[in-house]
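To start, the structure under review is shown below, and the notes come after it.
The values are calculated or read from the model by the stated rules, or taken from the named source; none is laboratory data. Remember, predicted model here, so these are calculated numbers, not experimental data. In this analysis, Cβ positions are derived from the backbone assuming ideal geometry, glycine residues included, and neighbour counts consider all displayed protein chains.
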Amino acid sequence: MNILCVGVGGQGTVLASKLIAQMAMLNGDDIDTAETIGMAQKGGSVVSHIRINKGVCSPLMPKGKADLVIAFEVIEAIRTLPYCNENTKFLINEKIIKPFSLDNTKDMLFKDYFNYLDNKGFKIISVNTDKIAKELNNSKIRNVALVAYAIKYKLINYSVDSLKNAVKNIVKPKFVDLNIKAIDMVINN
Amino acid sequence: MEKRFLLGNEAIALAAIHSGIALASGYPGTPSTEIMEAIANNKPNGLYVEWSTNEKAALEIAAGASYCGARTIVTMKQVGLNVASDPLMSLAYVGVEGGMCIVVADDPGPISSQTEQDTRTFGAYSKLPVLDPSSPEEAYHMTIFAFELSEKIKRPVILRPTTRVCHAYKSFDVFDYNNTIKKGTFVKDTARWVIFPKASYLNHIALEELRFSLSDEFSKSSFNKHINNNQKIGIATNGISYAYVNEALNGSNAYNLLKIGTPYPFPEKLAIEFLSNVSEVFIFEELDPYIERELLIIAGKYNLNVKIHGKLDKTNSLAGENTPENIAKFLNIAETSNGLSIDIPLPVRPPSLCSGCPHRASFYAVKQAMKGKNAIFNGDIGCYTLGNAMPLNMVDTCLCMGADITLAQGINKVDESAICFSFIGDSTFFASGLTGIVNAVYNKANITIIVLDNSTTAMTGNQPHPGIPFTLSGDVAKAISIPKVLEAVGLDEVITLSPFEQDKAIEAVKEISAKQGVKAIIFKAPCVFLSKAKAPYYINEKCIKCNKCIREIGCPAIAFKNDKVVIDEDMCNGCGLCKGLCPVKAINQREV
Ligand code: SF4
Ligand code: SF4
């Protein structure tokens, strides 16, 4: 399976990609990922390539080969199209972050960009992580919530328990409970 | 044996620890930074780690320890090797006692660098062996080998991963090497440790001889591969391009294949074997046409009738990264695709200063103070290079670490009417700003130095530096005071203030830049990654949609949405910079 995890630098896509990789490891699957680390992390476009059980493979997937796109932001979801094909599925966080431009008076709305993708006939699930972030008073929690949604909607084939174990393995101890709470909120909603 | 999921840089770190290193030193730089951090996070007792002030210092410190017989690792990015090149060239001659691995991470693209220089070429110039891993797993094994080889030949060995190897994670089996840490003792031997012309002549011969003996040894190394499929066309490749080739071949034997993991000394015998069996060769490599040049030399030397295609005949692109699909398309075995196209205009998203970044406030203050004046803003390497973007547009030059200080001096010597500013970060100040500042004082320059002190090395992910009261291993350190250093070298005036006190900051810039001589303002405020976000700001109904807050400072948290100017409170760090510029006072802070 080929997964792209995309967003804007600072949103924490790397953690989501690590969680998926941890689940794969716990499941005994082979895993390769490639991360964007460096200048782009300061508000630029960031992409994680996640490749599960691909055998001999490069860390970057070739164009047109993504099975699933997990997007933290809708413009970045569209930017993955060269990596997609007709069967690519999308999980999109209902969020738009407008890149700076001097002519910043023009509106950019989530729904316009979302509709553009939707009209192409993809299977898309969009989720709103605002409520969870507000309730738990932590905006970084959207990472784990998005991965939990991917499990809930059967976009990736791992169990809720394996996600919880992955959290225990890689999240800082003092944030583990908060992450588990977020997972439960997603699953029980 | 145990299965681990490791970042390429973590694999290198783990292999170094398994090899029993006693000392690790380096200077942060993408894509190499995580190696030192992983060593520090996993270090056994007795292993000494440090972020050195710069790459030259790091290399010399490791050399001292290796003279004593201890194993050492030094890490840097490719441009860091330029700074460390002075000790490198001499150390190749003098050699070491304990095994020494110099990791120099290259950055094809470039993704986060000033240049696309190739450390294989640099390594060959220094005449030291270079290993070039194609995956995190191979990086692990090459690092283990680097220490063994270095100890055998008594010279440093260079490991040269590229970004896609450094920043790839892979699950693979890790063996239990676990050498114990061997410290050392310095044994006096002036003929060995003191570099002298006469000894250098002999060492030069030894280095050249090493080229021949290692070349033969490397022809048998498992890091190099020649797969003869009895085809007339051959592919030669290395590093991450080898991974792309492998995936595209998908087990096919449609080509003969040469993979080079030891670019220097080049495995000549293996290359002859490869070249003798094909009539045409296509080369996939990033950065320099290194393998291509070597193969051309060998074909010429042995009169082999083979056509060689790569960068030198412009078959392949001369710069930038290779991609899996470009190579796949060329090899034409598996079905390839261009994916789907994006048929709407999509805004680009270049990196930018974070919301709440103190650099934005500093740049804005200088910009306000210099409005209408002939001022030249010399920038440097770090997050603050991003001050070049609109709307700040506050970086007129950027060359290399420390050059902000010295370029300003040169410009002012011939363009005397220009008010010359030097913007330098706190980490860069210690890494390479000091000598330029001493030069300015001694040679009576007219410059205004702006130290952007955010108490960290921010661009590479917040490492400490000599101005910070703790070290990489978490120990308490004696922080060196930047204002005291500046006063001690004889600056005429040094002021420290917060850039968020905009009115004061603007006044200070006006006043100090009007004076002659070398003077400095230290804008001190922590990086947003170090400080807890304050309550966010919001825009109320008084807003007249003049857009001044958006157009003047470019904070990514402010945007025009649903016919309103709004602050994304998730992103806002509560710095308050926008509040001061709203003409109708529509911006206020939330209560906590
Ligand atoms: S207070 Fe204003 S300038 Fe500062 S981070 Fe928030 S929106 Fe940006
Ligand atoms: S500067 Fe003030 S009035 Fe102008 S758009 Fe921003 S918030 Fe509204």
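Looking at region B:292-300, can you tell me whether even one residue there is more than 12 Å from B:SER241 (Cβ to Cβ), in contact with a Lys or Arg (Cβ under 7 Å, 6 or more places away or on another chain) and modelled with pLDDT of 95 or more?
Residues of region B:292-300 more than 12 Å from B:SER241 (Cβ to Cβ): B:292-300.
Okay, now just the ones that are also in contact with a Lys or Arg (Cβ under 7 Å, 6 or more places away or on another chain), so B:292.
From what is left, the residues that are modelled with pLDDT of 95 or more are B:292.
Yes: one or more hits.
Among the conditions (1) more than 16 Å from B:CYS357 (Cβ to Cβ); (2) within 11 Å of ligand 2 (Cβ to nearest atom); (3) surrounded by 14 or more Cβ atoms within 10 Å (Cβ to Cβ), the only one that B:GLU511 does not satisfy is (2). Looking at region B:520-552, which of its residues are crowded, with 21+ Cβ neighbours inside 10 Å and either of a type in the set (S, T, N, Q) or within 11 Å of ligand 2 (Cβ to nearest atom) (or both)? Across region B:520-552, the qualifying residues are B:TYR537, B:CYS549, B:ILE550. Every test in (1) under 15 Å from B:TYR169 (Cα atoms); (2) within 8 Å of chain B (Cβ to nearest Cβ) is passed by A:TYR83 save one, and that test is (1).
Taking B:SER66 as the residue in question, decide whether it is buried (at least 20 other Cβ atoms within 10 Å of the Cβ) and part of a loop (DSSP other than H, G, I, E, B). If you could, list the steps in order and put the result at the bottom.
Values: buried (at least 20 other Cβ atoms within 10 Å of the Cβ): yes; part of a loop (DSSP other than H, G, I, E, B): no.
Taking the combined requirement at face value, the residue does not satisfy it.
Please find, within region B:329-339, the residue that is nearest to the other protein chains (Cβ to nearest Cβ) out of those that are part of a loop (DSSP other than H, G, I, E, B) and at negative phi. First the steps, then the outcome.
In the first step, residues of region B:329-339 are kept if they are part of a loop (DSSP other than H, G, I, E, B); the result is B:332-339.
The next check asks that each one be at negative phi; those that pass are B:333-338.
Details: B:ILE333: 12, B:ALA334: 9, B:GLU335: 9, B:THR336: 7, B:SER337: 3, B:ASN338: 6 Å.
That would be B:SER337.
The requirement of being within 16 Å of ligand 1 (Cβ to nearest atom), in contact (Cβ under 8 Å) with a residue 12 or more places away in the chain, of a type in the set (S, T, N, Q) and in a loop (DSSP other than H, G, I, E, B) is fulfilled nowhere in region B:575-592; no residue meets it. Residues that are within 14 Å of chain A (Cβ to nearest Cβ), farther than 19 Å from B:MET394 by Cβ and either more than 16 Å from ligand 2 (Cβ to nearest atom) or surrounded by 16 or more Cβ atoms within 10 Å (Cβ to Cβ) (or both) are absent from region B:492-500.
Residue-by-condition table, conditions (1) in the same structural domain as B:LEU6 (by TED's automatic domain parsing); (2) buried (at least 16 other Cβ atoms within 10 Å of the Cβ):
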{"site": "B:SER113", "(1), (2)": "yes, yes"}
{"site": "B:ALA139", "(1), (2)": "yes, yes"}
{"site": "B:ILE144", "(1), (2)": "yes, yes"}
{"site": "B:LYS154", "(1), (2)": "yes, yes"}
{"site": "B:LYS188", "(1), (2)": "yes, no"}
{"site": "B:ILE205", "(1), (2)": "no, no"}
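Taken over region A:99-125, the residue count meeting the criterion of being within 7 Å of chain B (Cβ to nearest Cβ) and either touching a residue at least 12 places away in the same chain (Cβ under 8 Å) or in contact with a Ser or Thr (Cβ under 9 Å, 6 or more places away or on another chain) (or both) is 3.
Candidates are the residues of region B:555-577 that are at positive phi and modelled with pLDDT of 90 or more; the one that is nearest to ligand 2 (Cβ to nearest atom) is B:GLY576. Residues in region B:20-45 that are crowded, with 24+ Cβ neighbours inside 10 Å, small (Gly, Ala, Ser) and touching a Cys at 6+ places or on another chain (Cβ under 9 Å): B:SER32 only. Within region A:5-52, being of a type in the set (A, V, I, L, M, F, W, C), more than 21 Å from B:THR460 (Cα to Cα) and touching a helix residue (DSSP H, G or I) at 6+ places or on another chain (Cβ under 6 Å) holds for A:CYS5, A:LEU19, A:MET23, A:LEU26, A:ILE31, A:ILE50, A:ILE52.
Tell me whether region B:340-357 contains one or more residues that are touching a Cys at 6+ places or on another chain (Cβ under 6 Å), without any contact (Cβ under 8 Å) to a residue 24 or more places away in the chain and at the interface with chain A (Cβ under 10 Å from one of its Cβ atoms). Yes, region B:340-357 contains a residue that is touching a Cys at 6+ places or on another chain (Cβ under 6 Å), without any contact (Cβ under 8 Å) to a residue 24 or more places away in the chain and at the interface with chain A (Cβ under 10 Å from one of its Cβ atoms).
Quick one: is B:PHE560 surrounded by fewer than 21 Cβ atoms within 10 Å (Cβ to Cβ) and touching a residue at least 60 places away in the same chain (Cβ under 8 Å)? Against the criterion (surrounded by fewer than 21 Cβ atoms within 10 Å (Cβ to Cβ) and touching a residue at least 60 places away in the same chain (Cβ under 8 Å)), B:PHE560 does not qualify.
Considered as a group, the residues in region B:507-562 that are more than 15 Å from ligand 1 (Cβ to nearest atom), within 22 Å of B:PRO391 (Cβ to Cβ) and part of a loop (DSSP other than H, G, I, E, B) include one that is nearest to the other protein chains (Cβ to nearest Cβ), and that residue is B:LYS545.
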